[in-house]
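Derivation of every value follows stated rules applied to the coordinates shown; laboratory data play no part. Note that the coordinates shown come from a computational prediction; the quantities given were computed from them, not determined experimentally. All Cβ positions, even for glycine, are placed from backbone atoms using ideal geometry, and neighbour counts span all protein chains on display.
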């Protein structure tokens with residue numbers, strides 16, 4: 001890697017760390033397989049959630065290689081409850097074919113955190129932004145982009161290549177009180193920091 005590439009990579013890593021420290025998602029889990037369908041049903045009834053925008057690289061796909069079988073199972077289960085839209089800043093023909101095969105929309109070259117991909121996905125799902133959860137591993141792209149639109153956000157740490165026990169955590173849930181500053185949708189609205 002060139003010196004310029006190394007400097008750019010270090011800059012992006014430092015910026016991502018800064019954003020991670022100051023931007024708190026509504027949901028947090030180690031991987032996408034931790035999403036619990038019962039919790040999704042609760043979010044649907046309490047908040048009117050009807051759709052989920054899911055990042056591809058680092059969220060469902062590991063190193064542009066393959067979608068693990070456990071993730072395919074999770075996506076199919078989620079697709080029964082919500083409208084699912086895969087959104088990526090990259091382009092992958094295999095993911096496009098995969099998404100079509102299981103009946104999920106796919107948007108490549110999205111340039112997140114720009115508003116346009118979130119608006120397009122929201123419009124194509126026929127849902128208002130506040131009725132959508134954005135799931136991804138990128139705080140600068142997925143979490144920031146979703147919060148700018150007033151969407152629920154969920155951060156994943158990594159792709160899980162195994163089938164795991166599921167459990168979703170919500171920031172406002174009494175069982176998972178977070179001592180850090182509350183950046184839930186309600187708090188962001190109070191602080192008037194939603195960018196529309």
(message) Defining a contact as two alpha carbons under 8 Å apart and six or more residues distant in sequence, what relative contact order in percent does region 1-110 show?
(response) 22 percent
(request) Rank these for me by crowding, 83, 41, going from fewest to most other beta carbons within 10 Å. (result) 41, 83
(request) Could you line up 124, 39 from fewest to most neighbouring Cβ atoms inside 10 Å? (result) 124, 39
(request) Report the full-extension gain for the segment residue 91 to residue 157: residue separation times 0.36 nm, less the Cα-Cα distance, to one decimal in nm. (result) 21.6 nm
(request) Using only the alpha carbons of region 22-110, determine the length spanned along each of the three principal axes and report them from longest to shortest in whole angstroms. (result) 37, 34, 23
(message) If each residue of separation counts as 0.36 nm, what is the full-extension length gain between residue 115 and residue 128 once their alpha-carbon separation is subtracted?
(response) 3.3 nm
(message) Starting from 0.36 nm per residue, how many nanometres of slack lie between residue 66 and residue 4 once their C-alpha separation is accounted for?
(response) 19.3 nm
(request) Could you line up 130, 34 from fewest to most neighbouring Cβ atoms inside 10 Å? (result) 130, 34
(request) Distance between Cα centroids, region 41-92 to region 95-126: provide it in whole Å. (result) 11 Å
(request) Find the relative contact order for region 70-133 and round it to a whole percent, using C-alpha pairs within less than 8 Å whose residues are 6+ positions apart. (result) 28 percent
(message) Can you tell me how region 3-69 classifies by the Cα gyration tensor, rounded, prolate or oblate, using a/c under 1.5 as the rounded cut?
(response) oblate
